[in-house]
Amino acid sequence: MDADRLQTCQSILKYEFLDATLLQKALTHSSIKTAENPSNERLEFLGDAILGMVISEHLYRAFPEFSEGQLTKVKSVVVSSRALGKTSRALRLEDSISVGKGIAVRRAIPRSLLANVFEAIVAAIYLDRGVDAARTFILDHLGGEIEMVLKNQHQKNYKSLLQHFVQKEFGEIPTYRVLEEQGPDHSKTFKVGALVKDREYGVAWGRNKKEAEQRAAKEALRALRGENGQLAEIDDHLPDL
């Protein structure tokens, strides 16, 4: 691979390798490997593990309210072949990959191959400068995918959205307080307030405490996002409870 193509790829990646041969190896498909120029398969193996670790750690720290099942679901989408292939296309990595003639004559390089290259580049960066550099690269390029998954998965879970927003903006967790109850025991309704730093931001009624908390969280999101100068794009329908 010529030096100009390697330099162009580094510019696109926004990462300058100390050892450019690592990048060259990451961009070499098995269809063109030689004894002197091995393929990216071993790097792909290592990169898959690093990618999984970084995304798992990030989700674990960023979303303490998520169950193991929720974390697994988000991670599986973010590190999927679809997501990694899409990211590789956005980085135009197909212009940098070295492949055999059988692949080169196709109209487009397969998504799975592009996903493998992304994993190989993650490993190359890890070997070049360590885990912090790999983590920065991964989150810079997959952070948007994480947000997209969370938006789709939790677009109606206002309590989850509120907690994520409050933790990010204030470093705290919202709390809920039952303010009033009405009706007989078999058919009570509840008035709940959503509080941040002991200040009431949202109040709502519900047929049970869970519904009232979701409604209150929705109102709190609107209020808080308004205070922070953000547009609130919140579904007008109640969440599935």
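Every read-out reported here was derived from the displayed coordinates using simple, explicitly stated rules and does not represent laboratory data. Please read all numbers here as calculations on a predicted model, not as lab measurements. FYI the Cβ positions are ideal-geometry reconstructions off the backbone, even for glycines, and counts take in every protein chain you see.
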Using Cα atoms only, what is the angle between the long axis of helix 158-170 and the major principal axis of the chain, expressed in degrees (0 to 90) to the nearest 10? 70 degrees
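Would you mind checking the pairs K86/K168; K25/K151; K25/K168; K75/K191; K14/K75; K14/K197 and listing those with alpha carbons more than 32 angstrom apart?
Beyond 32 Å: K25/K151; K25/K168; K75/K191; K14/K197.
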Note down the net charge around A123, summing +1 for each Lys or Arg and -1 for each Asp or Glu among other residues with Cβ under 15 Å from its Cβ. -3
Is the stretch 152-215 rounded, prolate or oblate when judged by the Cα gyration tensor, a ≥ b ≥ c being the square roots of its eigenvalues, rounded requiring a/c under 1.5 and prolate requiring a/b larger than b/c? oblate
Of G85, G47, G144, the most mobile residue in a GNM of the chain (C-alpha springs, cutoff 10 Å) is G144
Shape call for the stretch 7-50 from the C-alpha gyration tensor, a ≥ b ≥ c root eigenvalues: rounded (a/c under 1.5), prolate (a/b greater than b/c) or oblate? oblate
